[in-house]
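Structure, as structure tokens:
The values are calculated or read from the model by the stated rules, or taken from the named source; none is laboratory data. Just so it is clear, the structure is predicted and the values come from calculations on it, not from any experiment. Glycine also receives a Cβ, built like all others from the backbone with ideal geometry; neighbour counts cover every protein chain displayed. Ligands, DNA and RNA are excluded from the accessible area calculation, which covers all protein heavy atoms including side chains. Shrake-Rupley method; radii C 1.70, N 1.55, O 1.52, S 1.80 Å.
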Amino acid sequence: MTSSKIERITVKASGVYDVLVGRGLLSECGSYVKEVSQAEKIGLITDDNVNALYGDAVQKSLESAGFSVCKFVFPHGEQSKNTDTLVKIWNFLCENSFSRSDCLAALGGGVTGDMTGFAAATYLRGMDFVQIPTTLLAQVDSSVGGKTAVDLAGGKNLVGSFKQPKLVLCDIDALDTLPDEFFTDGMGEVVKHGMIKSAKLFELLEKYDLKSLRENKDVLEDVIARNIAIKRDVVQADEFDTGERMKLNFGHTLGHSIEQYYNYTGITHGQAVAAGMKMITDIAEKHMLAEKGTCERLTKCLDGYGLNVSVEPTPEQLGSACLNDKKRFGDTINVIVCCDVGASMIKKMPVESFFAMLSEASE
Ligand code: GLY
């Protein structure tokens, strides 16, 4: 369908670019990409699932705008986000004689966006790329802010760089084909944004649940635009993740340990982050760092979006895995705490004190 209203959110970081939120953007993407790129050729990078759904429409739109398109399709899933696929993308660009003035387009979820961004950051020492995210998680989080990466056997996102895209196109209609499980996964980050930065967004989320939010596209569009604006503000304040941006890690330190405990199977990132947010907020309340009732509100809101898993490991069991957290610096760790709905702080504490808090919470 043709877009009626398009929200334009401008990100002013090391690169300045627009994030467009609206309906029907996929089939009109060529003209939007034309506004930001002089490229002759577009390297369209996508996975097999997304290619089957939207590959042809996007290619057609890019070609109608005058681009020549070479498409690279890889098997869907986190297991593809590695150096093997990255090398294949580099070789594909080389075989198709891509130059530095050409452009890549990431069509898909976070795996596609992160990996395409890293290929764009590194091929010929850097070329342009645009993000066309098709999952909720990628629209509200990973496509905005310029974090690009691939995984190593030893952990997720261990090799990467900061590289801002030239444009992000968030087509709300693309979420129609997203299974509930993946929508719920993205809601973890949506609720997180409300918790760390916006009581208003959180209050809006409290009025809906998974079904009613998916059904109400105008509200969904508003929720997505608000999330992107929050992410934009955080990235503009701290593009390179040395301060304010760490707040986006709320629930993630314990969440990553939970994912690791389950060996990244049987639990989604959103479920693990939800459990991590609840654990740390419960601990914060017990230590008078958060208003009483914050954890209850958070839990209720998460429940409504299907993020109600209870996890096996105790906080104490999760402690040692937190040592690998990117927010740890030597003997101190930055713990993100929400003192209330919509209000967060970075609490720098000795790793030992963090461990003590976790073991106390496990008693
Ligand atoms: N997803 C966390 C960040 O962009 O910093």
(message) Can you compute the FRET efficiency between ALA52 and HIS287 using 1/(1 + (r/R0)^6), with r the Cβ-Cβ distance and R0 = 56 Å? Round to the nearest 0.05.
(response) 0.65
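Can you compute the helix-only [θ] at 222 nm over the chain? Use -39500 (n - 2.57) per DSSP H run of at least 4 residues, normalise by all residues, nearest 500 deg cm²/dmol.
-13000 deg cm²/dmol
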(request) Rounding to the nearest 20 debye, state how big the charge dipole of segment 225-361 is about its Cα centre with +1 on each Lys and Arg Cβ and -1 on each Asp and Glu Cβ. (result) 340
(request) Using per-residue counts of other Cβ atoms within 10 Å, averaged over each peptide, order 25-32, 71-78, 133-140 from highest down. (result) 133-140, 25-32, 71-78
(request) Mind listing the long-range amide H neighbours of THR332? Cut-off is under 5 Å, sequence gap 5 or more, other chains count too, H placed in the peptide plane at 1.01 Å from N. (result) VAL351
(message) With every protein chain kept in place and ligands, DNA and RNA left out, what is the accessible area per residue of the chain? Probe 1.4 Å, answer in Å².
(response) 42
(message) Defining a contact as two alpha carbons under 8 Å apart and six or more residues distant in sequence, what relative contact order in percent does segment 1-137 show?
(response) 22
(request) Count the DSSP beta bridges whose two residues both fall in segment 103-218, then state the antiparallel fraction as a percent rounded to the nearest 5. (result) 40
(request) Would you work out the relative contact order for segment 219-332, in percent, from Cα pairs under 8 angstrom that are 6 or more residues apart? (result) 25
(request) Please give every one of the aspartates and glutamates within straight-line cross-link reach of LYS200, meaning a C-alpha to C-alpha distance under 15 Å, and leave out same-chain neighbours fewer than 8 residues apart. (result) ASP222, ASP340
(message) Suppose a student asked you for the relative contact order of the chain, using Cα pairs under 8 Å spaced at least 6 residues apart; what percent would you report?
(response) 14
(request) Kindly identify segment 177-278 as rounded, prolate or oblate by the Cα gyration tensor criterion: order the square roots of the eigenvalues as a ≥ b ≥ c, call it rounded if a/c is under 1.5, otherwise compare a/b with b/c, prolate if a/b is larger, else oblate. (result) oblate
(request) Report Rg (one decimal) and Dmax (nearest whole number) for segment 153-237, counting Cα atoms only, units Å. (result) 14.5, 41
(message) In 20 Å bins starting at zero, report the fraction of Cα pairs in the chain per bin as a rounded %.
(response) 31, 57, 12, 0
(message) Restricting to bridges with both residues inside the chain, how much of the DSSP beta-bridge set is antiparallel, in percent to the nearest 5?
(response) 45
(request) Please report, as a whole percent, how much of the solvent-accessible surface of segment 1-156 comes from carbon and sulfur atoms (probe radius 1.4 Å). (result) 49
(message) Straight-line reach from LYS71: which lysines fall under 27 Å, measuring Cα to Cα and dropping same-chain residues less than 8 apart?
(response) LYS34, LYS41, LYS60, LYS81, LYS88, LYS147, LYS156, LYS163, LYS166
(message) Among DSSP bridges having both ends in segment 1-121, what percentage is antiparallel? Round to the nearest 5.
(response) 35
(request) Please work out how much length the chain gains when fully extended from ASN96 to LYS348, using 0.36 nm per residue of separation minus the C-alpha to C-alpha distance, in nm with one decimal. (result) 85.9 nm
(message) What's the whole-number percent of alpha carbon pairs in segment 1-134 lying beyond 18 angstrom?
(response) 52
